[in-house]
Each structure stands twice: as structure tokens, then as C-alpha cells.
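Notes for the one structure printed next.
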Amino acid sequence: MKIPKEIRNGFYIFLGIAVFFLLMEVLGLSHLFYLRLLNVLFIFYGVNRTLKMNLEEGKNSFVPNAISATITSFSGVVFSIIALLIYSHAKGGDAYVKSLSEAFMFGGDPSVSTYVLCLFFEGTASCVIVTLMLMLYWNNKYKAD
């Protein structure tokens with residue numbers, strides 16, 4: 001059974017984000033919140049890769065490509081959120097998340113589930129934004145519906 005390209009590219013998004021964040025952790029840069037914003041580049045890469053593959057396969061209808069791009073970006077976010085959940089619990093659970101939230105935009109005392117839920121919503125929003133931006137970028141490649 002062949003894994004769909006959307007899931008494969010979503011996994012590549014996850015791998016890029018995971019390696020990036022682990023590298024930031026090892027280098028001691030995880031407290032620099034603005035570096036965390038660069039994870040959107042991995043979403044751009046995966047979604048753009050899916051759209052290129054679709055066009056190479058002759059799939060040039062706007063709506064199916066938009067759905068394919070959304071599935072790619074969303075699967076990357078879901079893989080990343082699951083990995084963050086596992087990693088957070090392995091590093092100490094709520095205490096680890098509290099150390100993350102001090103350097104990020106969360107106030108108060110978030111639990112692992114609150115932190116993950118907030119990042120899920122943030123990731124979903126970035127999925128939609130990246131998909132719309134790349135669909136606009138590739139717009140002249142699609143036939144009119």
C-alpha cells in the first residue's frame with residue numbers, strides 16, 4: 001500500500017520541525033521565541049512540494065489542489081503536536097511546559113494539554129494561511145472551474 005503524498009509531505013514537515021526544535025534545544029536557543037516562528041518555513045516546503053507533485057501529475061483543478069494542500073499542512077501539524085505531547089511528558093510534563101511558556105506567549109501556568117491545544121489552534125491557523133498563500137502563488141497554473 002502506497003502512502004498518499006499528502007501524508008508523506010506532512011511527515012516531511014514534521015521531520016523538519018522536529019529536527020529544528022531539537023537543534024534549538026541542543027544549542028540552547030529554545031528560549032528565543034522568534035526562532036520558533038521559523039517552523040512555518042517547513043510548512044511552506046511541504047505544501048509547495050505537494051502542489052508541485054499535483055501539477056506534475058496533471059492535476060490542475062483549484063479545489064482538489066487546495067484540499068490536498070490543506071491535508072498536507074494539517075497532517076504535518078498533527079504529527080508535530082503528537083510528538084510534542086510525547087516529548088513534553090518525557091521531559092517532565094507540566095514542569096517542562098511551564099519552562100517553555102515562560103519564554104513564549106503563554107501566561108499563567110499552562111498544563112501540557114492546554115499548551116498542546118493552543119499550539120494545535122495556532123498550527124491550524126498557519127495551515128490555512130500557508131495553503132491560501134501558496135494557492136494564490138500557483139493560481140495561474142490551475143484551470144478555471
Can you give the three extents of the C-alpha atoms in the chain along their principal axes, from longest to shortest, in whole Å? 51, 32, 26
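Answer rounded, prolate or oblate for segment 1-64, using the Cα gyration tensor with square roots of eigenvalues a ≥ b ≥ c: rounded when a/c is under 1.5, else prolate when a/b is larger than b/c, else oblate.
Judged from the Cα gyration tensor, segment 1-64 comes out prolate (a/c at least 1.5, a/b above b/c).
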Given 66-72, 110-116, the highest-first ranking by average Cβ count within 10 Å works out to 66-72, 110-116
Residue with peak Gaussian network fluctuation, the chain [Cα springs, cutoff 10 Å], from GLY16, GLY76, GLY93: GLY93
Are there any GluC sites (Glu not before Pro) in segment 1-102 that are in a DSSP loop and have at most 12 other Cβ atoms within 10 Å? List them by number. GLU57
Mean separation of Cα contacts under 8 Å (6+ apart) over length of the chain, as relative contact order %: 33
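Quick one: how many lysine pairs in the chain have C-alpha atoms under 18 angstrom apart, if they're 8 or more apart or on different chains?
Counting lysine pairs in the chain gives 6.
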Computed [θ] at 222 nm, deg cm²/dmol, the chain (DSSP H ≥ 4; -39,500 (n - 2.57); rounded to nearest 500): -25000 deg cm²/dmol
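Here, each number is a calculation from the coordinates, and none is a lab measurement. What you are looking at is a predicted structure, and each value in this text was computed from that prediction instead of being measured. Here Cβ is always computed from backbone atoms with ideal geometry, including for glycine, and neighbour counts include all displayed protein chains.
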